[in-house]
Amino acid sequence: MTRPIHSAITLAMRLPLLAFFLLPLLVRADPLPVKPQDLGYHLTWSDEFDGTKLDTTKWQTNYAPKVHPLGCNGELQAYAPENVTLRDGKLFLRADRTPREGLPYSSGMVASHDKFSLRYGWFETRVKLPRGKGFWPAFWLLPQSRQWPPEIDIMEHKGSLLNHVWLTVHRPQPGTWRPKSDGTEWTGPDFTGDFHTFAVDWRPDRVVWFVDGIERHHWRGDADFGPMYIILNLAVGGQWDGNPDAEAPFPSAMEVDYVRVYRLPEATPVH
């Protein structure tokens with residue numbers, strides 16, 4: 001008759017010890033990654049970069065006219081079509097020391113202006129970022145109307161801060177051209193060591209940022225910015241990360257695995 005009592009005492013002693021080891025695991029665990037399909041989104045536009053040449057029905061390799069003029073933000077690169085290449089199912093936006101248009105560097109960019117834009121949706125890319133001071137890769141949205149602000153920076157990075165990304169919305173303010181900026185600097189893994197996904201869930205009353213499927217920032221307010229188009233670019237130098245130092249490796253590239261855009265059933269793409 002003593003065995004059940006002994007077992008109960010032993011179990012009672014072990015339960016607190018078990019909870020001691022399990023509780024930190026439960027508390028520290030990140031939530032499960034969010035997929036756009038879980039939120040009712042449907043794929044409406046994408047590029048998997050599986051070909052050998054850039055799909056020019058989807059992309060331009062320069063900014064829209066009168067948008068981001070040469071040398072804007074003190075940047076030291078000019079964008080060149082030859083710095084945009086496809087290989088092994090990836091898009092490469094390559095920065096090198098080749099002078100172009102009076103600037104000391106050339107680099108690559110793609111933009112969907114006049115090809116594809118959308119009001120509201122889930123915009124996502126999977127990228128590996130370059131390492132080195134002066135590199136300024138970004139994944140962002142601008143209005144098809146060419147009016148600025150607004151701007152949604154889904155991801156900006158500094159090549160000198162390997163595990164930092166910036167997630168920001170710039171929105172209009174009455175009576176001034178200067179934007180009201182709301183965002184965060186998020187610290188995570190080394191974004192230059194492997195591929196990571198960056199996305200926004202943009203709705204009429206909010207913008208929510210995701211890194212590797214996990215929500216990392218959100219902003220609430222009037223987000224009716226009109227149809228916006230996609231830009232991925234690799235800037236060099238300027239006001240963001242400063243100019244490249246002697247250790248900055250050239251050539252270097254922003255590697256893009258895919259770009260995918262999802263919409264809710266009521267959203268209408270603008271081509």
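Over all orientations, the chain has a Cα convex hull whose mean projected area works out to 20.0 square nanometres.
What the Cα convex hull of region 163-251 gives, in volume per residue, is 134 Å³. In terms of its Cα atoms, region 51-168 spans 37, 32, 32 Å along the principal axes, sorted from long to short. Relative to one another, the C-alpha centroids of region 125-167 and region 31-101 are positioned 11 Å apart.
Each value in this text was obtained by applying a stated rule to the coordinates, not by laboratory testing. Predicted model only: the values in this text are computed from it and were never measured.
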